[in-house]
Amino acid sequence: MKSIHVPIEGMTCQGCVATVRNVVSALPGVESADVSLGAKEGRFSFDESAVDPETIIDAIEGAGFVTGPPAADPTVDGAACSMTEGVAAAGGADRSVRGANGPERAIVAPNPESRVRLRIGGMSCAACSRTVEKAVTSLPGVSSVVVNVAAEAASVRFDPDRVDIRRIVDAVNRAGYKASLGRNEEVGGGLRDRLWLLWTVALALPIVLIQQGRLHPPVEALTLVALATALQFTSGWRFYRGAWYSLRAGTANMDVLVALGISAAYGYSILVVSFPGLFGGAHTFFETAATLILFIRVGKMLEASARGKADDALRALIRLKPITARRLMPGGGEEEVSVSDVAVGDLVRLRPGDSMPVDGVVEEGTSSVDESSVTGESIPVRKERRDAVTGGTTVIDGNLTVRATAVGENTFLSGMVRLVEEAQLDKAPIQRFADRVSGVFVPIVILLATITFAVWQFLLHSSLPFSLARAVAVLVVACPCALGLATPTAILVGTGVGLRRGILFKRGSVLERIARVNTILFDKTGTITEGKPVLTGEAFSKERSEEDVLGLAAAGAARSNHPLSKAIVVAASERGFAARAVSGSEEIPGIGVKFVVGGSDCLLGNKRLMRENDVDTDGFEEQVKKWEGEGRTVVYLASGGATIGVFALRDEPREGVTDAIARIENAGIRTVLVTGDRKRTAEGIAAHIGLGSVHAEVLPEGKAALVEEVRREGGVVAMVGDGINDAPALARADVGIAVGAGTDVAKETGDVVLIRSDPSDVASAIELGRATLGKIRQNLFWALIYNILAIPLAAGVFARWGLLMSPEAAAAAMAFSSISVVLNSLDLKRWRPVAA
């Protein structure tokens, strides 16, 4: 019995699920058919002697759905793959491919368009990506296409009412590439590529040996022609095919250069053999064409292997998704079911070593949980009743019963996968330079090769074989691939490194932007501080009791979600003081609360609220100054137009924030604290942790205005925040950094999400951005320098000094140039944060 799972697009309801299940179950030999709408995939068990995977796929597509390539069941071979691994929810945030399926985004803002991620095979350089983009954007209803050569993938946004996924896939295939749904799980080329390489070696080796005089077949010339022809139009056919499709699309890629080079070498050799009298027994170039094909195939295979390693962080994240779960049955006992069958509210049993299948809340049991795969934090976290747990984390010791709060595409892990996939397909601004160069690269190289041949043949009167060798060397040594891979490979590795450390870049371009940041604005509460203030002091009028004042304050504070308000409510509750009944209230963001108790108008908030309502606070100012000097936040309480009490609250700075600020300052970046607190309080906190400057008494709308002001002064601004009030500023900043413990709105708005809410990760994100941008610049520099030096060398410019490059050496150099760029990007994996 064999099991496979197949990505399926186009299902919009349980009726579609039933259709797929029924058409597959009707096939002879099918043992089981499990179809999940949420995961957008089917898992099928069948007897190989009665039915094959192709028949199953044909049945699904015959029912009107789109399938991705089938994969062996992960329970058999250990590979974890689901639709999230490839198509990243083709329906955007709240739509499926063909209709509405409800919200399917944990931390991604809604998008009214549909989106599909395609796996694309056969691309070799930036010109290939332009060909794909041109083919897909020509379709009506397609709004944007982003193609990443290094990831061998494309993200397409489209209107499902005007174009469907099948037409998009067909457009890519007609352009000469192989498009399919899903992610590329093969690293370093598949079995097909390896077999082609063996075939190439089997044909190329005897050609080289014959031409070197080490092998003497009976009819040497005919043997060479037969072997070279077979090689040229089997292993070499991929270059002709790629060149044809590229030229047909109005572009010119690497395949054009290679096809011209091997055609010149092969065609000349055929003429020499066919007309020996005319060419006087001149040397043939059969071995040149053969070794060109061989070296380029070897180089592309090594390049693919290196590129696969660039994406291994995301692959590791996807493999965290368990396939099954132990669901508790209503009548008692448990059953093992597919994760796709677990619904919100179900109870799931976990034992030591189990991977969490859902996001949820612990209902029973205690255990240490390894969250390093999601947060990057290596120290296990103890989980008890009512604690939240995240899918993909691992239970270490003890048993847990968890109630599912998010399943399938709604889990935090799935959200991370989607965001990283989007980030890897985003184009950094610096990529535009490479795209511009690649756009004219091939035509210029062809022109240079023509000039090279003409100069050597007609001006310098060299032999035809020598002139031809120089032209072929120029065609082959030029490498547009290195330029095309310079940026995307670094982005792939950079986003993966960030992912491993709990730093989630939502767009690849953010890695470049964050590297240029010179000013960081920090929100205070929940960002610099823990966001859990506690009441540490109070003072009230002589005619008022502690219970009266704190109970009245708790009444107003209960009408607010601000952390300071919550601290006052908690303090009153702990002391046994009941909150008074409120007959009306109004919360004023960033200032406080107006409320009515027993017919009396009351105010609870900061000094600004008192001042705007003409409430005198002079009687408490001496105590207030003392508290503010200690960095404590002061809240005033007024009733009937008079201040009756003041409260001091302290929100402790997050652990490590001082070292984080020092790292940022040492990097030459200006730090600014932005808070609604009074200036003395804010300055006390800033001085304690080493922040450079302070903007105090800033209302929520003022944070966005402050971002604009700093930008007008020439600053490249990052805003770090955690709450709803920070969202406008996060959106307005050049880079918005949302701490992971904050609200969903903040995380949706931010460009970077710090999963651990660790201030040191702000510094790490900037350092990683700078390291990534440095790698991109190195890659572009070496790609350009390589071509600037290699093309003249191949053309024979330095021949008078004995420096010449044969076509074979040119092919090897071209292959190495692409590999070196990828290997240089992979060096980013060794990146470590700078110590404070």
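The values are calculated or read from the model by the stated rules, or taken from the named source; none is laboratory data. Predicted model only: the values in this text are computed from it and were never measured. Cβ placement follows ideal geometry from the backbone for every residue including glycine, while neighbour counts extend to all protein chains displayed. For accessibility, only protein heavy atoms count, side chains too; no ligands or nucleic acids. Shrake-Rupley method; radii C 1.70, N 1.55, O 1.52, S 1.80 Å.
Just the protein heavy atoms count here, and of the accessible area of the chain at 1.4 Å, carbon and sulfur take up 55 percent. Compared with the direct C-alpha span, the chain from Asn666 to Arg194 gains 164.9 nm at full extension, assuming 0.36 nm per residue.
About the Cα centre, and with charges only on the beta carbon of Lys, Arg (+1) and Asp, Glu (-1), how big is the dipole of the chain? Nearest 20 debye, please. Please report the intermediate quantities before stating the final value.
Values: 87 positive and 94 negative charges, 563 e Å.
Value, rounded to 20: 2700 debye.
Taking amide H as placed 1.01 Å from N in the peptide plane, Ser114 has its amide H under 5 Å from the amide H of Phe158, each at least 5 places away in sequence or on another chain. Simple spin-label estimate for Arg611 and Arg385 gives 5.0 nm between the two label positions (7 Å along the Cα-to-Cβ direction from each Cα).
Can you figure out the FRET efficiency of Asn173 with Leu215, using R₀ = 35 Å and their beta-carbon distance, to the nearest 0.05?
Working: r = 42 Å, r/R0 = 1.19.
The pair Asn173/Leu215 has a calculated efficiency of 0.25.
In loop segments of the range 503-534 as defined by DSSP, the trypsin sites (Lys or Arg not before Pro) with at most 15 further C-beta atoms inside 10 Å of their C-beta are Arg516. Residues whose amide H comes within less than 5 Å of that of Gly537, counting only those at least five positions distant or on another chain, are Ala648 (H built at 1.01 Å from N in the peptide plane). At the residue level, Lys178 shows approximately 130 square angstrom of accessible surface with a 1.4 angstrom probe and all protein chains present.
Taking all protein chains into account, the per residue accessible area for the chain stands at 40 Å² (1.4 Å probe). Calculated from the structure at hand, volume of the Cα convex hull per residue in Å³ is found among [x] 152; [y] 200; [z] 242 as [y]. Please give the FRET efficiency for Asp601 paired with Lys625, using the beta carbon to beta carbon distance and R0 = 35 Å, rounded to the nearest 0.05. After rounding, the FRET efficiency stands at 0.80.
Let me have the 222 nm mean residue ellipticity of the chain computed from DSSP H runs of 4+ only, each contributing -39500 (n - 2.57), with the sum over all residues rounded to the nearest 500.
On the way: 29 runs with 378 residues, N = 836.
One gets -14500 deg cm²/dmol as the mean residue ellipticity at 222 nm.
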